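Novice: Just dropping this structure here.
The values are calculated or read from the model by the stated rules, or taken from the named source; none is laboratory data. From a predicted model like this one, the values you see are computed outputs, not experimental measurements. Neighbour counts run over all protein chains shown; Cβ positions are idealised from the backbone, glycine included.
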Amino acid sequence: MKSKIQNPQSKNDPAFGVRIAGVGSAVPDKVLTNFDLEKLMDTSDEWIVQRTGIRERRIVDPKHEGTFTLGRDALRRALADAGMEGKDLDLIIFASVTAEMTCPSNACRVALEIGATPAGAFDLVAACCGYVYALNVGESMVRSGRYQRVGIIGCDAMSTICDYTERSVSILFGDAAGAAILTRNDGDPSVGCLYQSLNADASMWESLYIPRRCQEIPDKDRENPIRMGCLRMNGREVYKFAVTKFREVIEDALAKSGLTPDQISQFICHQSNVRIIDAAKERMGLSDDRVYVNIDRFGNSSAGSIGLCFDQLWQSGRVKRGDHVVFVAFGGGLTWASSVWKL
Ligand code: UT7
């Protein structure tokens, strides 16, 4: 597979590793079930379960919740897990396509709220790849030696950009945040990211986009009834892309990091659609117990999904220090990304 930057550890790497010192997540309390959706649109629980594996998802109450609050709460939990405070962070990276404002960034507001000011802070847009993009950028910043303690967040409140009067897109999505604290680890240089890849190809951007102006809407979508400012997606095209890419990304990550599937404790994958995950598992012969799935309860939460899975695996002890894990994502842009870790 063609990839631009790849960085397996080399002899030029510094004599320190990068540790995931803490992990956290946050989801809203409000549950939106398939039966709730049946009341809003012409759909059925049976169709949604069969086509996506989703039974329910969490959604924010926009009066008092959003990506800022969810991301902040996830980061606070990750800090507590690491035994650290906001003031200990040098940098915060917040990945989202649903930030309440473009300026100031959510990262700046979170930094202020948790007492991290004047840590550097910026938002990053990579759709469903947001968590893996932030993880890879954060790890590289620590690995460079210029930053010691970086907080990364992947978070989306997709319910705020779903048009619940139509059925083809909105049934898929939910809201969630995942966060991690990355710290320099002087004790063991072998710990950290063994391989990472960030990729994008905009030739298919029209398959998944969030228009803010009429000018951006492609001709073929002019008659599309989905509201302005809401997510538009050609599900079938993205599905084909995802099924193909999923396998390629995993094969590439394993080959470049020199690991075999049986050495990986968990493949922590974007929860796009259970059929996409099942297809990858089947094609690669991966067993159920090593590919975590929570889409049935949380839907597809875009940049939030991988961090939420990771936190659930981490807190339950299903992944632990010393384990190898592979993070895999793909989504709008179109983008795809991987990150192979020794935890
Ligand atoms: O995470 C970001 C990346 N995104 C993804 O990975 C999403 C990938 N795509 C998908 O997960 C799937 O394409 C969807 C779940 C979005 C849609 O499933 P699908 O099996 O591709 O359905 P479809 O759009 O091809 O529609 C099949 C049929 C159509 O009816 P006809 O034309 O065959 O009569 C639709 O009108 O199902 C109909 N349909 C529905 N019926 C009941 C579409 N949505 C619904 C619905 N309820 N919600």
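Novice: Looking only at the range 169-197, which residues are away from the ligand (no atom under 14 Å from the Cβ) and either surrounded by fewer than 21 Cβ atoms within 10 Å (Cβ to Cβ) or of a type in the set (Val, Ile, Thr) (or both)?
Specialist: Ile181, Thr183, Arg184, Asn185, Asp186, Gly187, Asp188, Pro189, Ser190, Val191, Leu194
Novice: Any idea which residue in the range 229-260 is farthest from Met101 (Cα to Cα), counting only those that are within 13 Å of the ligand (Cβ to nearest atom) and outside any helix (DSSP H, G or I)?
Specialist: Restricting to residues being within 13 Å of the ligand (Cβ to nearest atom) and outside any helix (DSSP H, G or I), the top hit is Asn234.
Novice: With the requirement that a residue be in a helix (DSSP H, G or I) and out of contact with any helix residue (DSSP H, G or I) (no Cβ under 8 Å at 6 or more places or on another chain), what does the range 161-193 give you?
Specialist: Correct list: Ile161 only.
Novice: Cβ-Cβ distance below 6 Å, separation of 6 or more or different chains: which pairs start in the range 108-120 with a residue that is on the phi > 0 side of the Ramachandran plot and end on one that is surrounded by fewer than 23 Cβ atoms within 10 Å (Cβ to Cβ)?
Specialist: Sorted first by the residue in the range 108-120, then by its partner, the pairs are Gly115/Gly86; Gly115/Lys87.
Novice: Kindly list the number of the only condition in (1) assigned to a strand (DSSP E or B); (2) under 16 Å from the mean Cα position of the chain (by Cα); (3) hydrophobic (A, V, I, L, M, F, W, C) that fails for Ala134.
Specialist: The failed condition is (1).
Novice: Which members of the range 294-317 meet the condition of being surrounded by fewer than 23 Cβ atoms within 10 Å (Cβ to Cβ) and among the hydrophobic types (A, V, I, L, M, F, W, C)?
Specialist: Scanning the range 294-317 gives a single hit, Leu313.
Novice: Which one is farthest from the ligand (Cβ to nearest atom) among residues in the range 261-276 that are over 15 Å from Ile295 (Cα atoms) and assigned to a loop (DSSP other than H, G, I, E, B)? Before you say what the answer is, go through the steps one by one.
Specialist: Taking the range 261-276 and keeping what is over 15 Å from Ile295 (Cα atoms), we get 261-266.
Imposing the further condition that a residue be assigned to a loop (DSSP other than H, G, I, E, B) reduces the set to 264-265.
Details: Ile264: 22, Ser265: 24 Å.
Once the filter is applied, the top-ranked residue is Ser265.
Novice: Restricting attention to the range 29-74, and to residues there that are assigned to a loop (DSSP other than H, G, I, E, B) and within 13 Å of the ligand (Cβ to nearest atom), which single residue is surrounded by the most Cβ atoms within 10 Å (Cβ to Cβ)?
Specialist: Of the range 29-74, the ones assigned to a loop (DSSP other than H, G, I, E, B) are 29-30, 41-44, 53-55, 59-66.
Filter again for within 13 Å of the ligand (Cβ to nearest atom), leaving 41-44, 53-54.
Working: Met41: 14, Asp42: 9, Thr43: 18, Ser44: 13, Gly53: 19, Ile54: 25.
Among those residues, the one meeting the criterion is Ile54.
Novice: Out of Arg58, Arg72, I need the residue that is at pLDDT 95 or above, within 18 Å of Ile181 (Cα to Cα) and charged (D, E, K, R). Which one?
Specialist: Just a single option satisfies the conditions, and that option is Arg72.
Novice: Can you tell me which of Ile210, Ile226 is of a type in the set (A, V, I, L, M), closer than 28 Å to Arg55 by Cα and modelled with pLDDT of 95 or more?
Specialist: Values: Ile226 fails: modelled with pLDDT of 95 or more.
On inspection, the qualifying residue turns out to be Ile210.
Novice: Something else about it: Name the residue that is nearest to Ser159 (Cα to Cα), counting only residues in the range 197-228 that are small (Gly, Ala, Ser) and assigned to a helix (DSSP H, G or I).
Specialist: Applying the filter and picking the extreme gives Ser207.
Novice: Note down all Cβ pairs under 7 Å where the first residue falls in the range 28-43 and is more than 18 Å from Lys63 (Cβ to Cβ), the second is of a type in the set (Asp, Glu), and they're at least six residues apart or on different chains.
Specialist: Thr33/Glu56; Asn34/Asp45; Asn34/Glu56; Phe35/Asp45; Glu38/Asp45; Met41/Glu166
Novice: Still on this structure: Can you find a residue in the range 279-289 that is closer than 19 Å to Ala74 by Cβ and either touching a residue at least 12 places away in the same chain (Cβ under 8 Å) or out of contact with any Cys (no Cβ under 9 Å at 6 or more places or on another chain) (or both)?
Specialist: The answer is no; no qualifying residue exists.
Novice: Let me ask another. So which pairs qualify, if the first residue must be in the range 326-341 and among the acidic types (Asp, Glu), the second must be in a strand (DSSP E or B) and buried (at least 24 other Cβ atoms within 10 Å of the Cβ), the Cβ gap must be under 9 Å, and the two must be at least 6 apart or on different chains?
Specialist: none
Novice: Within 16 Å of the ligand (Cβ to nearest atom) and of a type outside the set (A, V, I, L, M, F, W, C): does that describe Asp296? Give the derivation first.
Specialist: Details: within 16 Å of the ligand (Cβ to nearest atom): yes; of a type outside the set (A, V, I, L, M, F, W, C): yes.
Considered against the rule, which asks whether it is within 16 Å of the ligand (Cβ to nearest atom) and of a type outside the set (A, V, I, L, M, F, W, C), Asp296 comes out as yes.
Novice: Here's another thing I want to ask about it. Residue by residue through the range 275-293, note down the ones that are surrounded by fewer than 17 Cβ atoms within 10 Å (Cβ to Cβ) and of a type outside the set (Lys, Arg).
Specialist: Within the range 275-293, Asp278, Glu282, Met284, Gly285, Ser287, Asp288, Asp289, Val293 meet the criteria.
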